[in-house]
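First up is the structure itself, then whatever we jot down about it.
The values are calculated or read from the model by the stated rules, or taken from the named source; none is laboratory data. This is a predicted model, so every value here is computed, not measured. Here Cβ is always computed from backbone atoms with ideal geometry, including for glycine, and neighbour counts include all displayed protein chains. These accessible areas exclude ligands, DNA and RNA; they are computed on the full protein's heavy atoms, side chains included. Shrake-Rupley method; radii C 1.70, N 1.55, O 1.52, S 1.80 Å.
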Amino acid sequence: MEDYIRVTGVGGGTVQLAMSENAADAVWHILAELDSVLAEARQDPPPRRLRLPDKRLFPDAYDSAAENAAFRERHGTRMREELGAALERVLEAWPEQPWLTLDSAAVRDWMVVLAHAQTSYLRKPRWRASVGTSKRDNDVKVAWLRTLQACVAAATLAPPGMPVVLDV
C-alpha cells in the first residue's frame, strides 16, 4: 500500500485532509518534534542556547544585521508565541483518525506550522535552503512538509471537490 496525502477543497477556504495512516503518523511525529523544540523557550529559565533560535525561525526583516537583531529582540517572543499557539490549535484539533476538515482559520494555522516545522530539519534558514533529492531523513521530512503545504494551498484555490494528491 502506498502512502498518500489527499487535500480536497470544499469551498470557502475549507479543505478536507485525508492521509494514509503512515503519512498521518509521520506528520504528527514531525509536529510533535516541533512542539518539543518550541517548549524549550518556555522553560524557566530558558536554556542559554535554543536548538531553534529566532534567527533561524523567522526571516530577516531588514538588510542590516543589527536592525534584524533589534527586530527579533522586539518581536521574537511574540512571533514564537503565535507559532506555538497555531501549533497547539493544530495538534488539539487533530482527531484520532487520519482525516480532518480544516476551515479557513485552521488552514492558516496549518500553513504557518508547516512552514516553520521545516526549520528544525534544515542547516540554513528555510528561506535560503535548497532541499535536494537525497534520501537523508531530514531532506525527506522537509520535502513532505513543503509538498503538504503546497497541497493545502492549492486545495484552497481549486474548484470544490477537486483533490490535490501527494502519492509516495
TODO: Answer yes or no: is there a residue in the stretch 63-81 that is assigned to a helix (DSSP H, G or I) and closer than 22 Å to residue 143 by Cα.
DONE: no
- [ ] Name, by its number, the condition in (1) modelled with pLDDT of 95 or more; (2) surrounded by fewer than 15 Cβ atoms within 10 Å (Cβ to Cβ); (3) within 20 Å of residue 151 (Cβ to Cβ); (4) of a type outside the set (Val, Ile, Thr) that does not hold for residue 97.
- [x] (1)
Task: Top-ranked residue of the stretch 44-72 - restricted to ones that are aromatic (Phe, Trp, Tyr) and surrounded by 12 or more Cβ atoms within 10 Å (Cβ to Cβ), ranked as farthest from the chain's Cα centre (by Cα) - done: 71
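Just checking, how many residues over the stretch 124-156 are modelled with pLDDT of 65 or more and not aromatic (Phe, Trp, Tyr)? Explain how you work it out, then say what you get.
Keep residues of the stretch 124-156 that are modelled with pLDDT of 65 or more, which gives 136-156.
The next check asks that each one be not aromatic (Phe, Trp, Tyr); those that pass are 136-143, 145-156.
The total comes to 20.
If you check residue 115 against the conditions, is it modelled with pLDDT of 90 or more and part of a helix (DSSP H, G or I)? Before you say what the answer is, go through the steps one by one.
Numbers: modelled with pLDDT of 90 or more: yes; part of a helix (DSSP H, G or I): yes.
It is true that residue 115 is modelled with pLDDT of 90 or more and part of a helix (DSSP H, G or I).
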Open item on the list: Would you confirm, using the coordinates I've provided, whether residue 41 is modelled with pLDDT under 80, in a helix (DSSP H, G or I) and open to solvent by 10 Å² or more (accessible area, probe 1.4 Å)?
Closed with: yes
TODO: Return the pairs, sorted by first residue and then second, in which the second residue is among the charged types (D, E, K, R) and crowded, with 17+ Cβ neighbours inside 10 Å, the first residue lies in the stretch 75-88 and is closer than 11 Å to residue 54 by Cα, the beta carbons are less than 6 Å apart, and the residues are 6+ apart or on different chains.
DONE: 76/54
Task: Condition met for residue 49 (part of a loop (DSSP other than H, G, I, E, B), closer than 25 Å to residue 151 by Cβ and modelled with pLDDT under 90) - done: no
Task: Out of 90, 15, sole residue that is in a strand (DSSP E or B) and open to solvent by less than 20 Å² (accessible area, probe 1.4 Å) - done: 15
TODO: Find the residue count for the stretch 51-79, including only residues that are within 25 Å of residue 121 (Cβ to Cβ) and among the hydroxyl-bearing types (Ser, Thr, Tyr).
DONE: 1
